[in-house]
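Data first, discussion second: the structure below is written as structure tokens.
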Amino acid sequence: MRIKTIYDKLKPEFKTELQVNARKYSTAKRLKYILMSKTSWYDLTINDVSDMTVYCNVKLYNMSGSDIMYGKSMLKD
């Protein structure tokens with residue numbers, strides 16, 4: 001059984017938005033590869049989470065502290 005990456009765990013709407021932006025921007029492509037290489041939210045840097053809000057079209061003001069710390073609003077259960 002393959003261990004799921006953060007990219008695999010992303011909700012479909014965020015994954016779609018990231019794919020669209022990865023075609024346009026090299027930074028979004030880099031973020032996609034980072035998410036494909038990490039298995040735990042804790043492995044991400046603050047910069048990675050910040051990039052996710054930009055390239056996944058997430059409004060930071062709608063996120064709680066636990067969303068940022070644990071990725072609850074962006075990941076499937």
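Readers should treat all values here as calculations from the given coordinates under stated rules, not as data from a laboratory. What you see is a predicted model, and the numbers here were worked out from it, not measured in a lab.
Based on alpha-carbon centroids, what's the gap between the stretch 45-67 and the stretch 1-22 in Å, whole number please?
14
Do you know the relative contact order of the stretch 6-70, to the nearest whole percent, from alpha carbon pairs under 8 angstrom that are 6+ apart?
36
May I ask for the Rg/Rh ratio of the chain, computed from Cα atoms with Rh as the Kirkwood radius, given to two decimals?
0.93
Pick from Asn47, Asn62, Asn21 the residue whose mean-square fluctuation is largest in a GNM of the chain, springs joining Cα atoms under 10 Å.
Fluctuation is largest for Asn62.
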